[in-house]
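One structure is given here, and the rest of the page talks about it.
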Amino acid sequence: MVRQVSANDSIVAAATPIGESAIAVIRVSGALCQKLCKDALRVPYPIPRRSTLAGYLDVNECLIDEVIFVFYEEQNSYTSESSLEISSHGNPLITKKIIEDLVSRGCRLAEPGEYTKRAFLSGRMDLTQAESVATLIKASSERALEVARIQLRGDLGKKISDLQSRLLNLQANLEAYIDFPEEDLPSEDIKGPSDALANLIAEVEHLSQSAGCAHLLEAGIRCLIVGSPNAGKSSLYNLLCGEERAIVSDESGTTRDYLSSRIDVGPFMVEMMDTAGLCTGGSKVERLGIERTLQLSEEADCFLFVVDSTLPSPESVSKDLSNNINAENCLVLENKIDLKDSKNLNEFLPDFQHLRLSIETGEGINDCRTAIKEMMGKIIPPPSEEYMIVNARHAANLALVGNFLREAHRLLLEGLSIELSILEITSGIGALGEIVGKTNNEDMLDRLFHSFCIGK
């Protein structure tokens, strides 16, 4: 659905952060762009999409700066409007003076996300693509960038459109039973429509399952380093973080509270956390540290369980921790294999993957890093045609779609009312449309685009 914006409304904003830099980019979008080329840049007939050197003259004919500008014709720009990008020297005073002059010539300051909003309203992209622009800008890991690029390409929008199309076909088939009861149509056997609806429900639920991954991409995977005191947790933490953050000592209970650092692990952004050693007894402060560790385990996404291979295998894991760890989200790291009394501890958590290493000498560290990365890859699988990562807004709408379709399915199976089933399907189609922006929800659009940065 193509929507219109005001033909006379031209907006301007700095597209680069304010501050000293080599260049600054100022972006204008709207009908005034051609006139601005003539009046401010003295180039009345700019060649579209070609960089041109010109002097920028203010309304008083005073030179502000020598700039390079690019003019984009209507329908051939980011917003589908006539657009102008001006690159000046990166002095904030120059940027300010040019923007002030453009405002005096009839432009207004752009609102957050307004350029992308105009691209959406013009039909240049659907809402999932528009959201991916903000995700791309804010991405803090390679995997987050990968997901944003796929959504910007329109893959999620295509999947939603496919679901809508199939629901519309199903709706049409059901309406045929009502509108043409005496025609040569199949008997009112609901097995075909019911099976089709069940398949659609399964696809919607599968799509919804990836919502948690979107949060992890934004916030980072929370990885907790746990284990007994003096097993080498803090040394591992320092090694993985690439700096001496944690105090390392032979004295048991050195770490009393947790430390946290954000690090890159392959394509993932990870919040690595060093915690107090798990033990019985100890001082009041140590016991408080252990309680904090167990609390953190409730919110952790994965674990590195460090054990001292020179000591007997731990007899058990605390109940609170054992409820949160499993063979998929936890690696057992047998440390200190460089010492002569080191031994295998495979009997401890035997179903978990064990890695033997020496944090002191570096032996086994590369295998450890590889295993950590592989564990992260199970938590956030790479997006594909079968597995697309959706954000919280998409997930909320998909949950509504699932509710509508399950109710439609129930009505069909119980033979209650084809008409009511059709109404539920119609509601599901509408909820899908809101994901890609095919329904008119101005409040939702305003909230969404105001989360964007200025100039995009």
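Some observations on this one:
- Top-ranked residue in the range 369-409 [being among the β-branched types (Val, Ile, Thr) and closer than 30 Å to LEU420 by Cβ; ranked as surrounded by the fewest Cβ atoms within 10 Å (Cβ to Cβ)]: VAL390
One line per residue, one yes/no per condition, for (1) surrounded by 22 or more Cβ atoms within 10 Å (Cβ to Cβ); (2) at pLDDT below 95:
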{"site": "SER6", "(1), (2)": "no, yes"}
{"site": "SER21", "(1), (2)": "no, yes"}
{"site": "LEU36", "(1), (2)": "yes, no"}
{"site": "ARG42", "(1), (2)": "no, no"}
{"site": "SER51", "(1), (2)": "no, no"}
{"site": "TYR56", "(1), (2)": "yes, no"}
{"site": "LYS97", "(1), (2)": "no, no"}
{"site": "SER104", "(1), (2)": "no, no"}
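- Qualifying positions in the range 389-413 - of a type outside the set (A, V, I, L, M), in contact (Cβ under 8 Å) with a residue 40 or more places away in the chain, assigned to a helix (DSSP H, G or I) and within 30 Å of GLN129 (Cβ to Cβ): ARG393, HIS394, GLY402, ARG406
- Among the residues making up the range 343-388, those that are under 20 Å from ASP264 (Cα atoms) and part of a loop (DSSP other than H, G, I, E, B) are ILE359, GLY362, GLY364, ILE380, PRO381, PRO382, PRO383.
- Which numbered condition ILE325 fails, given (1) under 26 Å from GLY212 (Cα atoms); (2) among the β-branched types (Val, Ile, Thr); (3) outside any loop (DSSP other than H, G, I, E, B); (4) at pLDDT 75 or above: (3)
- Tally of residues being farther than 27 Å from SER122 by Cα, touching a residue at least 12 places away in the same chain (Cβ under 8 Å) and not in a loop (DSSP other than H, G, I, E, B) across the range 47-105: 20
- Screening ILE26 with (1) surrounded by fewer than 21 Cβ atoms within 10 Å (Cβ to Cβ); (2) at pLDDT 95 or above; (3) assigned to a strand (DSSP E or B) gives one miss only, at (1).
- Of all residues making up the range 359-389, the number that are in contact with a strand residue (DSSP E or B) (Cβ under 7 Å, 6 or more places away or on another chain) and farther than 25 Å from ARG153 by Cβ: 8
- Filter pass, SER140 being under 11 Å from the mean Cα position of the chain (by Cα) and more than 30 Å from SER417 (Cα to Cα): yes
- Residue tally, condition in contact with a Ser or Thr (Cβ under 6 Å, 6 or more places away or on another chain) and part of a loop (DSSP other than H, G, I, E, B), over the range 328-342: 6
- Every listed requirement among (1) surrounded by 15 or more Cβ atoms within 10 Å (Cβ to Cβ); (2) in contact (Cβ under 8 Å) with a residue 24 or more places away in the chain is met by ASN344 save one, (1).
- Figure legend. Inter-residue proximity from the range 153-164: first residues free of Cβ contacts under 8 Å to residues at least 60 places away in the same chain and in the same structural domain as ILE201 (by TED's automatic domain parsing), second residues among the β-branched types (Val, Ile, Thr) and assigned to a helix (DSSP H, G or I), beta-carbon distance below 8 Å, spacing 6+ or different chains. Indicated pairs: GLY154/THR128.
- From LEU416, LEU420, residue being of a type outside the set (Gly, Ala, Ser), part of a helix (DSSP H, G or I) and either under 24 Å from SER122 (Cβ atoms) or modelled with pLDDT under 95 (or both): LEU420
- One residue from ALA139, ALA110, ALA134, ALA148 being in contact with a Gly (Cβ under 8 Å, 6 or more places away or on another chain), more than 22 Å from ALA40 (Cα to Cα) and either of a type outside the set (A, V, I, L, M) or buried (at least 16 other Cβ atoms within 10 Å of the Cβ) (or both): ALA134
- Within the range 128-143, tally of residues that are over 19 Å from GLY266 (Cβ atoms) and among the acidic types (Asp, Glu): 1
The values are calculated or read from the model by the stated rules, or taken from the named source; none is laboratory data. Keep in mind it's a predicted model, so treat the numbers as computed, not measured. When we count neighbours, we look across all protein chains shown, and the Cβ atoms used for this are built from the backbone with ideal geometry, even at glycine.
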